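Here's the structure we're looking at; comments come further down.
The values are calculated or read from the model by the stated rules, or taken from the named source; none is laboratory data. Since this is a predicted model, take the numbers as computed values, not measurements. Counting neighbours? That spans all protein chains shown, and the Cβs are built from the backbone with ideal geometry, glycine included.
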Amino acid sequence: MKRTLILFFTLLVFASLAVSAEIQLDVKEHVLSNGLKILIIPKPGVPRVVCHIYYKVGSINERPGITGIAHLHEHMMFKGTKMMGVTDFAKDDSLNKRIDKLMDNIYREKFWKSDGGDKEKIAQWEKEYEELVKEEKQYIIKDDLWTLYMKNGGTGLNASTGNESTGYYVTLPSNKVELQMLLESDRMFNAYFREFYSEKDVVMEERRLSENRPGFFFNIEFHDRYYVPNNAVAIYVGDLDPQNIIEMAEKYFGRIPKGPDLEPIRTYEPPQYSEKRMYGEGNAPTSLQMMFHTPPDGDPDVAPLSVLASVLGSGGGGGGRFRGRGGGGSGRLYKILVQEKQLAVSVSARSRAMWYAGAFQFSASPRFDKNVKPEDLEKEIWAEIEKIQKEGVTPEEIQQVKNRSRSMFIRSLSSSMGLARSLGRAELNRGWRSILTDLDDLSNVTNDDIKRVAAKYFVKDNSLTAIYTRTMGQRQRRR
Amino acid sequence: MKKRLTILFTIVLLVFSLGVAQVQKPSDLKFPPLKYEPPDPKDFRTEFASGLRGYIQEDNSLPLFNISAIVHFGGLYVPKDKLGLDSVMSDTLIKGGTKTREGSDIEDRINFIGGSLNFRVGDQTSTLSLSVLSEDIDEGLELFFDVLMNPEFREGPLDLAKASLIQRLRQANDQASGVLSREYERLLYGDHPLTWQPTQATYEGITGADLKAVHAQNFFPKNIILAASGDFKKADLKAKVNKAVSGWKNKKLSIPMFSKKFPQPEPGVYFIQMRTNQGYISLGHLGLEDTNPDYFAVQVMNFILGGGSFTSRITTKVRSDEGLSYNQGSRFRYIWGYPGMFSGYVQTKSSTVGYAISLILGEFNRIRREPVSDDEMETAINYYLESFSNSFESPQSTMSTFADLEMTGKPMDYYKTYRDKIKVVTKAKVQDVANKYIHPDKCVIMIVGDFEPCNAGGDKWPGPLDKLGKVHTIKLRNPLTGEEPK
């Protein structure tokens, strides 16, 4: 036992990296033998701990026929386990299997048959389904996990599914982190997807989805593949004792066997050979969007693109980590198009370096009272792009972006939740240290870098221009 | 070799099974005790020159400096012929420059040092906030007090702000959620300063002189409370603030008071036609003020009814049991000095609009009729007690919270006694306040959606909607003119 402990502690890495002379980012890093990485940031003060767990799975792991599964699965993770949310697991399990069989019959009849199937048969099965759901209710403890967290002072309770990752969040009193360890390890290991079909309706309300094939059993397959310790990172930020967190993680998450190795996702963005244009209309402000393909997170061109987005569109609140953006204030485009020429009410530029592909986006809304068209703004933005391709930007503009990046980073350290989110997502892609090396990359950007990326990516054949026109009142259905 | 492997395999299995056996059910967990006392406002209260007050906390964990000025002035106090002045002031206090600086120079400088300077006028208070690195504290404070004390509202930025706000008016009826919230308030409070809306004409009529007059009348030291936190010495900061505000003259405070009597709208359905695939719904009536002694019991009651997320009855019924919606619940909204609003809310597809409303009304009635369960009480009360310290996680928001307490005249031991007041709420009290503050027979049910499919209903609740009460149709006013449609 002693030997095992020594092994655990040697795996613990104390990483204290300096952002500047006065700033240290203290991250305690520990890897369990099943591959789960634990990141710990002690932040003495109010006795609360932000507890996040992130899985490297998102809509990018879907394929035609199962689109929507990543999000639906995230909802199903709140439906309990073999231990949580149920009074008699054996009886509940047996009912669930019968429900799934019935729904499979209905699906085949409704969607496999071109005439929509035998209506009477379907009605009978639906009646049986309703009866089984009613019968199952006696064994279900509704929203057991959520209630337990709230009863113990859980706040910031949520989960989210993105293209690249899925996160589960709760903030607890410092003395109750063990509850998160128990519940999150339990649902990683023993998830059970009861109430599947009513939850699918909830997701349909949240986001209109097409009819999806996945059922109860498909969820299990998806879960077993991606919800494994070697595909996740758990983060704890707050008033905590790192050693205590590690011991609890060993005890709870350590019991879960390592999952199969996951083949990394490989993507390929086919080159775009000509300019694309889109036009739409409806009840929303008239606007212009211009997008350009850019490289993914980690590419050397990301830093200059980020600086360029900040120079063009800064002053609107910044864009967080290397997603340079802004909607007004002192950005170049705001000064030219909103203040000087008075052609737009808003204009922004944003560089989004995602994990598998990137995009640079300009957005603008024209002045209605001056009869400006989106196409007029498009010409103005192209003129500014061409100027930057030739001359680049000023040293003051570059320095401003560097100053802002540094101060925004320091400010981000004050939010435990924001810190957990940045570290967790970064860890699953290029490692959490990338948030520091990216900051270094940004501080080394030169005007030549900016001219180079502007010339490389801002070309018509690499662009998509979308123009949306407001048609308020013309398409309203009359009562 | 094979024998060794078998032994090793057995050990691994044993260790693994022992590990699993160690894991308890949540009810077996024993948590170490945790004692937490909230910070006491008087430890942070500071008086400055000219009668300016503030709450200040030194926090040396990061080289940052944050300061906010909370001013007792808001949109509610704007006269009817100048409606929208609050929004124009929000957009021009900084951009309009000061006596000695252009607004763009102020913004450029703040951006260059990587700081932020924001101003927003709310319903009854306005807030100017600065955040800079502590190395820039002197420059930040100079810009902060210059903007707070000497705004010029120059014509160029003023015209830009007005043009942008008028353009935004054109979009006022685009989004169902925005329309619902505005029209629901208008129905409950009637023609009252709380519901008045600006028009193109009122925006166009606002001048720099109007803004300067309103500023001069309301922005003075005794009408402002500061909240500051960060890496500084309290005495140093106090000296810097005193230097900035000494000589700043006070005025006589004149806050208008408005009627607290509101018309009782006829109960029933109020429908606003919009072609959307979901109905957006609010149902309820006026509520209470947060200074009411029943406030704490109402909080607990509403947590159980529809405020406690997945632990609440409305979410369980409408979302978890029936899968009708993603967003649903109930809320009591509070307005300083006036009764707030109570509402149940849900967004659901058109065919289940009537059904979802009927389920929410059912829960309104149930919580009045039956005592809540012991489990529900335990969850609600424990949530408030155990999550209490969360409110004090950020030093800056704690200082702002204390400034707000003083501004609204609430007792300064509000947080010290908060948990005791939650602890004493009983099941009987919950039922009592449910009967006192929820009146299903007086509810207005406002729906923004597509009438025909909403009225048709679905299998579980076939329409028509007049089963829920008389259906009134609300036609939206022209947001540019404020005129009723002909």
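Quick notes on this structure:
- Within segment B:174-204, the residues that satisfy the criterion of being over 26 Å from B:Met446 (Cβ atoms) and either free of Cβ contacts under 8 Å to residues at least 12 places away in the same chain or surrounded by fewer than 16 Cβ atoms within 10 Å (Cβ to Cβ) (or both) are B:Ala201, B:Glu204.
- Residue count for segment B:336-377, restricted to those that are over 20 Å from B:Pro440 (Cα atoms) and surrounded by fewer than 18 Cβ atoms within 10 Å (Cβ to Cβ): 4
- Members of segment A:171-180 that are assigned to a helix (DSSP H, G or I) and farther than 18 Å from A:Asp143 by Cα: A:Ser174, A:Asn175, A:Lys176, A:Val177, A:Glu178
- 1 or more residues among the small types (Gly, Ala, Ser) and over 30 Å from A:Ser274 (Cβ atoms): qualifying helices (runs of 4 or more DSSP H) within segment A:368-479: A:395-412, A:416-429, A:434-443
- Scan of segment A:122-166 for residues that are within 25 Å of the chain's Cα centre (by Cα), within 24 Å of A:Met83 (Cα to Cα) and acidic (Asp, Glu), ordered by number: A:Asp143
Listed here are the residues, each with its yes/no results for (1) surrounded by fewer than 18 Cβ atoms within 10 Å (Cβ to Cβ); (2) outside any loop (DSSP other than H, G, I, E, B).
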residue	(1), (2)
B:Lys30	yes, no
B:Pro33	yes, no
B:Tyr36	yes, no
B:Pro39	no, no
B:Lys42	yes, yes
B:Ile56	no, yes
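- Against the numbered list (1) farther than 30 Å from B:Lys349 by Cα; (2) modelled with pLDDT under 95; (3) buried (at least 20 other Cβ atoms within 10 Å of the Cβ), B:Pro256 comes up short only at (3).
Residue-by-condition table, conditions (1) within 30 Å of A:Gly418 (Cβ to Cβ); (2) within 14 Å of chain B (Cβ to nearest Cβ); (3) surrounded by 14 or more Cβ atoms within 10 Å (Cβ to Cβ); (4) modelled with pLDDT of 90 or more:
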residue: A:Asp100; (1), (2), (3), (4): no, no, yes, no
residue: A:Lys113; (1), (2), (3), (4): no, no, no, no
residue: A:Leu145; (1), (2), (3), (4): yes, yes, yes, yes
residue: A:Gly156; (1), (2), (3), (4): yes, yes, yes, yes
residue: A:Ala159; (1), (2), (3), (4): yes, yes, yes, yes
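- Selection within segment A:337-377 - of a type in the set (D, E, K, R) and within 11 Å of another protein chain (Cβ to nearest Cβ): A:Glu340, A:Arg367, A:Asp369, A:Lys370
- Filter result (within 7 Å of chain B (Cβ to nearest Cβ) and closer than 13 Å to B:Glu386 by Cα) within segment A:172-192: A:Pro173, A:Ser174, A:Asn175, A:Lys176
- Any hit, segment B:280-291, residues being of a type in the set (Val, Ile, Thr), over 30 Å from B:Trp461 (Cα atoms) and outside any loop (DSSP other than H, G, I, E, B): no
- Subset of segment B:128-153 (residues that are surrounded by fewer than 17 Cβ atoms within 10 Å (Cβ to Cβ) and either outside the structural domain of B:Ser68 (by TED's automatic domain parsing) or closer than 27 Å to B:Ala213 by Cα (or both)): B:Glu142, B:Asn150
- Residue among A:Glu126, A:Glu120, A:Glu135 that alone is outside any strand (DSSP E or B) and either aromatic (Phe, Trp, Tyr) or in contact (Cβ under 8 Å) with a residue 24 or more places away in the chain (or both): A:Glu135
- Residues of segment B:415-459 that turn out to be of a type in the set (Gly, Ala, Ser) and either free of Cβ contacts under 8 Å to residues at least 40 places away in the same chain or buried (at least 21 other Cβ atoms within 10 Å of the Cβ) (or both), as a count: 2
- B:Asp210 fulfils the conditions (1) touching a residue at least 24 places away in the same chain (Cβ under 8 Å); (2) of a type in the set (Asp, Glu); (3) under 30 Å from B:Ser282 (Cα atoms) except for a single criterion, (3).
- Considering residues of segment B:298-329 that are assigned to a helix (DSSP H, G or I) and among the hydroxyl-bearing types (Ser, Thr, Tyr) only, the residue modelled with the lowest pLDDT: B:Ser320
- Number of positions in segment B:449-464 that are hydrophobic (A, V, I, L, M, F, W, C) and within 12 Å of chain A (Cβ to nearest Cβ): 2
- Only one of the listed residues (A:Ile106, A:Ile122) is away from chain B (no Cβ under 14 Å), over 29 Å from B:Glu386 (Cβ atoms) and surrounded by 14 or more Cβ atoms within 10 Å (Cβ to Cβ). That residue is A:Ile106.
- Residue in segment B:169-176 that is within 30 Å of B:Ser259 (Cα to Cα) and assigned to a helix (DSSP H, G or I) present: yes
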